[in-house]
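These notes are about the structure you will find just below.
The values are calculated or read from the model by the stated rules, or taken from the named source; none is laboratory data. Everything numeric here is computed off the predicted structure, so don't read it as measured data. We place every Cβ from the backbone using ideal geometry, glycine too, and count neighbours over all the protein chains shown.
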Amino acid sequence: MRFLEGAYFWVRNRLTGARCYAEGCGGLPLLHTPWQYRRCLDTPLGITLTDPGWLYANGIDPRSTPEPVVPVSRAS
């Protein structure tokens, strides 16, 4: 049963899913050739973390700080 559910969601995502997140691509995953799919897997994602997102990823709730906290360095 779980296999059928997974197959259904995989097909639905490939047909109507979001665009490819690789930098410079933006195409539908269904239209990717195997060569294009491998290239997109090796390309960095075209997304970045915002300052509140970076704080949240490091265990700090940005809403709990009295003033806006801007990270000095993102190297950790």
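Taking the criterion of being hydroxyl-bearing (Ser, Thr, Tyr), under 14 Å from the mean Cα position of the chain (by Cα) and within 23 Å of residue 9 (Cα to Cα), the only residue of the stretch 20-47 that qualifies is 21.
Among the residues of the stretch 37-59, some residue qualifies, meaning at least one is in contact with a Lys or Arg (Cβ under 8 Å, 6 or more places away or on another chain) and at pLDDT 75 or above.
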